[in-house]
Every structure is written in C-alpha cells, then in structure tokens.
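In what follows, a single structure is set out as structure tokens and then discussed.
The values are calculated or read from the model by the stated rules, or taken from the named source; none is laboratory data. Owing to the predicted nature of the structure, the values given are computational and were not obtained by experimental measurement. Positions of Cβ are generated from backbone atoms using ideal geometry, with glycine treated the same way; all protein chains shown enter the neighbour counts. For the accessible areas, the whole protein counts, side chains as well, though only heavy atoms, and no ligand, DNA or RNA atoms are used. Shrake-Rupley method; radii C 1.70, N 1.55, O 1.52, S 1.80 Å.
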Amino acid sequence: MGLRSFFTRRRAPAPAQPSAVVVATKREPLTPAQLADLEAAWAELEQAATEAGVSFHACTRDGSRWQDDPQSVRAMAETIRRTQKYTAEGTHDGPQR
C-alpha cells in the first residue's frame, strides 16, 4: 500500500457500544448535621456566584440531585472562584506550558 492510499483509505466504523444508563437511587433523608453542612455550602456558592456576577444551571448524568450534596455545591463554588480569578488576570490564549 502506498503512502497516498494509506491516507485516503476509509476506516471501517467502530461497532456501536451499548450505553450504560445509570438510575439514581433513592437517598436517605439528610440528618440535621448534614442539612447544616448543605446550607453552609449553599451560602458559599451563593457568595461566589454573587461576587462573580454569574448565574448557572447544572445537572448530573445519573439523575441524582447535585444540589443535595455539600461536596458538589462546594465544588461548583470553587469552580466559579477559579474561573473568576483566571478571567480577572486578563485574557489568556491557553494554558502556559
């Protein structure tokens, strides 16, 4: 096979992979301590969003409610803070190497 035919040949399509569907399991009610932690996480997120002047809408792939998980809420707040810091430093063409 010549070099030209190597680059112009068509590849066979990959066989379709079955998709995995994840169904959210029913969660136990939050304890008072978990609820307090969740409320604190939401306060952090609201503060970060206000400081950044952003609003957002998010969902999960497995159908679970990220809004009920303090770690997820804090991760969203941290993402907003990092993005705000990154954009406040000026326009970037891409990651520095």
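Observations on the model:
- A count restricted to the stretch 63-82 and to residues that are modelled with pLDDT under 85, part of a helix (DSSP H, G or I) and of a type in the set (Ser, Thr, Tyr) stands at 0.
- The set of residues in the stretch 24-35 being in contact with an Asp or Glu (Cβ under 8 Å, 6 or more places away or on another chain) and open to solvent by less than 90 Å² (accessible area, probe 1.4 Å) consists of 24, 30.
- Listed by first and then second residue, the pairs linking a residue in the stretch 63-80 that is of a type in the set (Val, Ile, Thr) to a residue that is not in a helix (DSSP H, G or I), with Cβ atoms under 9 Å apart and 6 or more places separating them unless they lie on different chains, are 80/54; 80/56.
- In the stretch 36-62, the residue that is nearest to residue 76 (Cα to Cα) out of those that are small (Gly, Ala, Ser), loosely packed, with under 13 Cβ neighbours inside 10 Å and at pLDDT below 90 is 58.
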